[in-house]
Structure formats: structure tokens, C-alpha cells
Amino acid sequence: MQTHDQIYASTKLEFVMAETPELTIRKVEPADVEPVRRFMKRTFFKDEPICKSLKVVVDDTVDEGVVDYCLRFLGQGLDLVAEYNGNIVGSSCSNVLIEKGSSLVERPYTLTDKGKIVKDLLEYVEEMANPFDNANRVFLLNLLSVDPTFRGRGLGKKLLIESMRVAKEHGAQRVMVECTSVFTNAACRSLGFRDVFTLKYADYKLDGKVVVNPEPPHYAVVVAAFDFDQ
């Protein structure tokens, strides 16, 4: 498996090409929090498989309880934004560095019914994935989204690689991504991540009923992990 340094070196030319006056990738600043939130409401919460299955966005009205929960870590200095001509076209956000035995700082949120479904599902997945297996400091990459007009161009993978660099800079021993989309999981695998836990949507039930049923090809939440060389 490639080390992070090898991955970054092999894609360095792509990043040089990407870092132009037209397209830049940088850390989210305090002034970016609300614009990033608006961007994620327009892209992630509309298209992400679980949100789409739960109809988090209906006629451009967004379930704010889901948004608040998913973005509860936004703005802690670990998020990235991609801009094209000054407009947001991608983001890796609500990322958090967790340490074994420590508590987390979260933005306040009020759960709606759909928000509780998302919270219960993701907390179950995180518990089963056991992030602290042979690691004490873990970077959770929580949300990743790219504007529809920029999808299929490698921008999502660039945001993943840059997020890995941020994680390493902050002393993380491991990066974990809860891949609710097969496309995110494929990008992670291409970068040397390994699948450490899989929960098929059809197997996650409440009172005997399947809770979320995303459209194909999305079939499961797959937790992918990348361990840095110690």
C-alpha cells in the first residue's frame, strides 16, 4: 500500500495544475462557514444517498435538523473549500480530530425526526467501525461534496488527498471516511484506504423495517480507513 507521501507526490502535478487563479483549494475560514453551509445544502443534502432516501430536501426546502447535526463540527480548522473564480465548487467539511477518551466540541443542534434517523445510523456505524483500533488520534472526514458541474473531474479525490494532508499535519494516526456512496468508497480505495466495516442499508432495520433505502448503485455505508506510517 502506498504511503501518504507517495500518494501526494504522485498527484503533485495535478495539484499544481489545480492551484490556478481560477480553481483553488484552501482551508475554511470563519467567514466561510455560512457560505459552505449554503453550498452543502444545495449539493450534499440534495444528492447524498441517505439524505435523498429520507427526502431531506423537498422542493428546495431543507430539513434543518439533519443539516445542523451533520455540520455540527464545521469551522474547527480542519475543513477545506474548493473555489472556481471565487465561487464554491467543492468542500470537505465538518471534519473532526478525535482522541481516545476525550470529548468533542460540537455546534448546538436540534434534532428533527429525520435528523434522529441519521444520527442513530451514523453513531451505530462509528461504534461498530471501532476507530481506535490500534490508533489513539483519528481524523474523521465527515462530509465531502462537489458541485454537479465539476463532478467526474477528480476534484473529489483532490479534496480527499488534501484532507489527508491536513490530518497528518494535525498528528492524526488514521483517517476514516464513512462512505455512504459507492463513488466516495471507490475514490478512497484508489488512494489506498481499506474497508474496515460495512453496513448494508437493507440490514439496518427499526421494528423490522428497513430505515433507509437509497437508489442503486448505493447499497451500504462503508467505513474506509487509511493509517499513516508511525
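Quick note: the coordinates plus some simple rules give every number you see, no bench work behind them. No experiment lies behind these values; they were computed from the predicted model shown. Here the Cβ is made from the backbone with ideal geometry for all residues, glycine too, and neighbour counts use every protein chain on show.
A few points about this structure:
- Antiparallel bridge percentage (DSSP; both residues within region 4-227; nearest 5): 90 percent
- Contour excess over end-to-end distance, with Cα ends at N213 and N85 and 0.36 nm allotted per residue: 42.4 nm
- Cα-based reach from K119 at 20 Å (exclusive), listing lysines while leaving out same-chain residues under 8 positions away: K41, K46, K52, K55, K200, K205, K209
- The chain: calculated mean residue ellipticity at 222 nm from DSSP helix runs of at least 4, using -39500 (n - 2.57): -10000 deg cm²/dmol
- Highest-fluctuation residue, V196, V58, V28 considered, GNM on the chain with Cα pairs under 10 Å: V58
- For the pair region 155-216 / region 86-133, the C-alpha centres are spaced 12 Å from each other.
- Here the Gaussian network model covers the chain, with springs between Cα atoms less than 10 Å apart; of F73, F139, F197, F197 fluctuates the most.
- Straight-distance candidates among the lysines for linking to K168, with alpha-carbon spacing under 16 Å and chain neighbours fewer than 8 residues away dropped: K27, K158.
- Long-range HN-HN contacts of C179 with modeled amide H, under 5 Å: V222, V223, A224
- Largest GNM mean-square fluctuation among E48, E83, E123, using the chain with Cα springs under 10 Å: E123.
- Per-residue HN-Hα couplings for region 209-222 [Karplus 6.51, -1.76, 1.60; θ = phi - 60°; Hz; x = Gly/Pro]: 10, 5, 7, 10, 9, x, 6, x, x, 7, 10, 6, 8, 10
- Backbone geometry of region 33-44 corresponds, through the Karplus equation with coefficients 6.51, -1.76 and 1.60 at θ = phi - 60°, to 3J(HN,Hα) couplings of 4, 5, x, 5, 4, 5, 4, 5, 5, 7, 10, 4 Hz, x marking Gly and Pro.
- Förster radius 45 Å - calculated FRET efficiency between R165 and K205, Cβ distance, rounded to 0.05: 0.70
- Applying the criteria of a DSSP loop state and at most 16 other Cβ atoms within 10 Å to the trypsin sites (Lys or Arg not before Pro) of region 137-230 yields R151, R153.
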